[in-house]
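Okay, so here's the structure we're looking at.
Derivation of every value follows stated rules applied to the coordinates shown; laboratory data play no part. Quick caveat: nothing in here was measured; it's all calculated off a predicted structure. Glycine also receives a Cβ, built like all others from the backbone with ideal geometry; neighbour counts cover every protein chain displayed.
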Amino acid sequence: MKASLWRIISILFVLQFIFPVVAIHAQSQSAIRGVITDPSGAPIAGATISATPILQSSFPSPASQIKSGADGRYKLTLLSGKYRLDIIRTDFDGIQREFSLAPGQSVEWSPRLALAVLSSSVVVTAAAEPAPAEYTTSPVDVLTQDDIAQRQEVWLGDLLATAPGAAFTRLGALGGITSFFLDGGDSDFTKILIDGAPVNQPGGAFDFSNLTTDNVEKVEIVHGASSALFGTDALTGVIQIFSPRGTTQIPELEVTAEGGNLSSEDGSARLSGLLGAFDYSNAASYYQTNGQGPNDRFRDTTLAGNYGWKFSDSDALRLSVRSISSDAGQPGQTLLEPVAVGQSADQRDFFGNLTWDFSLGDHWQQHVAGSEAYIRQTFAEPPFANVFDEYNRAGFEEQTSYLYRQSAVSFGYQYEVENGIPDGPHVRRNNQGGYVDLRNQFGPQLTVTAGVRAEDNASFGTRVVPRVGASYAFRKGGDFWGATRLLTSYGLGIKEPNFTQSFEADPCFPGNPELQPERSATFNAGVDQALATGRVHVAVNYFHNDFHDIVSFAGGPPTTTCPYGTGTFFNTDSARAYGANSSIETRVTRWLSIRGQYSYDDSRVLKAPNATDPTLTPGNRLFLRPLNSAVLIVNAAFRRINWNISGYYVGRETDSDFLGLGYTYNPGYVLWNMAATVPIRHNLSAIGRVENIFDRHYQYAIGYPALGTNFRAGVKYTWGGEGAGLF
């Protein structure tokens, strides 16, 4: 009896201390609640919300991490104190904010998450506003930083050569003029953007010979005419190159040093980080090689930077710059002629873009941008005088978008001033354009896009170009037969004449200021199919492209004042290309992935009254565009070593020696490359790459030999970032 009484007294004694503590604990509980939405105001389900104590409280939090519900709502119950809240969701930029919670306080925070423009599953270039890839209506291929790192690509042109529908040519080894063709179009039918800045020569192509992969995070390739959004130059598609952004509070430094045969040296460094509201990513690289023969040297120096400043979650400035300086020997068609001793090409490029993105209210988004592109080329051809080409594009853009229910309507205006000295006096062209772009979501399955642009060009006046598209999620899947998506698009494209065609000052071969724009009409229809519960992805896209009013040169007889003849330019030619791009990607195991691609491009010259070379006459396939091409890429991350093997097949293509020797086609070839990354310690890796493993003798263009077997090896060292520490 005494023992029981003592036990009751002991319990009461303990409870007199526990009850007040529990009461105090209950009274100190606070809450943070809200709704997480995307830029259009639609709720985001499955976002991870985590709270990290900044000052530790007396008691552990009942819950420090939850996920948002189907309606985007969340509620975190916490003890009073100071916390940092982080919200993370795939395909969206993460966001964080600090809170000081008083006992019993309830705080409302309902942020809007911006789409992560550098994510591989978010497409920026296909419409005026970024959208998840499943909502795009044009075929889009994305190359990522992982592709660059696994293949150890130095040159962006080599990376683009692996994209479906791509054809690629280089006049010789490294440093030769490098051209890119998309879906049967000419090399100047694809508009190239670097962080939003147009970098083609005015009315012309972009030379990829000196563009490295330094400070490149992602590349988007949009197929189909896109002049409704981007104006001139976008006849068969658009390529946009994106720079990375600093994301770590601790600065991250990555240094690479390599050497190889042909007296090749390659060194690069990148420093990135996040300092409060300021993010930065800087890169510098130097490459040089003596090449494989006389006058085959190549040197390239690149400086690049990307800097952002956030005034708030919905108000930010961003500046992107890239400066390139290169010098290349030009030995010429050494398979057919003697080496051109002393012939060279120097190039100085600068590209910059400043953007300001901010919100006005819950649904209105504003985008203001100014861009600059400067290209200066010097061609030395002893004993003749040097030839100088200098071009500048400076532009301004303002875009207003209204976002609603995962849909958007955008209104934009662009103004651009083009300057040039195409081996003659200075010329200038002022262009402007206004556009409307609509993306509308009809339920969870159907997305429709439509756009139209009125382009006012100083050379050809005003033209109106539309485009439309649709994407339909036929089935969601989830079993072996996974998600199926159908897409189709149609658009018109225009391209202004280049400066030589319009403004050439040579009295014997003058430019024609009356030239009209070259035009395209493109149609795409495709299917994306997931299989094996998402481990296999198959895509097939059919394209049909018609090209009209292509500019050609018509020559005339010699005269007393023009002993070498006369001539000028006219809109005379037409052509077409149709075919299909297909790809299959599978993750065989956790460590092994395989990607295969095949492209069929049936192109034809339809009309060419001024053709002087037999290969350019009607009935022939278009110049340097193979009927068949294929790519196979195998990547294995096994036992801490990453192996990458890539194979390329390029079929026979129409070409010419232009020397009257009778060569009219370039034989097909198969090329195999291999790269490996071997970790040595936590921050240090050995890297190596071998190109043309089997030493195949081939040429990108007749007479210009490509490199035989070449290799490089070195080390990569990373310090700081998320895994800060020396080793």
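Of note:
- Neighbourhood net charge (12 Å Cβ-Cβ; Lys/Arg +1, Asp/Glu -1) for G703: -3
- Whole-number percent relative contact order across the chain, with pairs defined as alpha carbons under 8 Å at least 6 apart: 10 percent
- Cut-off 10 Å between beta-carbons: net charge of the residues surrounding F99, Lys and Arg +1, Asp and Glu -1: +2
- For the chain, size of Cβ-based charge dipole, Lys and Arg +1, Asp and Glu -1, in debye: 3360 debye
- Net dipole in debye of the range 249-314 [+1 Lys, Arg Cβ; -1 Asp, Glu Cβ; about Cα centre; nearest 20]: 160 debye
- 0 to 90° range, to nearest 10: angle between helix 2-28 axis and the chain longest Cα axis: 40 degrees
- Overall form of the range 138-290: oblate. Here a/c, set by the Cα gyration tensor axes a ≥ b ≥ c, is 1.5 or more, and a/b is not larger than b/c.
- Normalised contact order of the range 524-666, rounded percent, pairs of Cα under 8 Å and 6 or more residues apart: 17 percent
- Length-normalised contact order of the range 29-104 in % [C-alpha pairs under 8 Å, at least 6 apart]: 36 percent
- Cα gyration tensor, the chain - rounded (a/c under 1.5), prolate or oblate: prolate
- Estimated from helices alone, the mean residue ellipticity of the chain at 222 nm is -2000 deg cm²/dmol (sum of -39500 (n - 2.57) over DSSP H runs with n ≥ 4, per residue).
- Ranked list, fewest to most other Cβ atoms within 10 Å of each Cβ, for H223, H367, H682: H682, H367, H223
- Around the amide H of G176, modelled in the peptide plane, lies no amide H under 5 Å away from a residue 5 or more places distant or on another chain.
- Under 13 Å, Cβ to Cβ, from N642 - net charge with Lys/Arg +1 and Asp/Glu -1: +3
- Between the range 652-724 and the range 545-604, the Cα center-to-center distance that results, in Å: 24 Å
- Pair-distance profile P(r), taking every C-alpha pair of the range 325-447, with 5 angstrom steps and integer %: 2, 9, 13, 12, 12, 10, 9, 8, 7, 6, 6, 4, 2, 0
- The packing ranking of peptides 552-563, 160-171, 523-534, 336-347, highest mean first, is 160-171, 523-534, 336-347, 552-563, where packing means the average number of other beta carbon atoms within 10 angstrom of each residue.
- Cα-based Lys pair tally, the chain, threshold under 24 Å, eight or more apart or on separate chains: 9
- Highest-first arrangement of 440-447, 483-490, where packing means the average Cβ count within 10 Å: 483-490, 440-447
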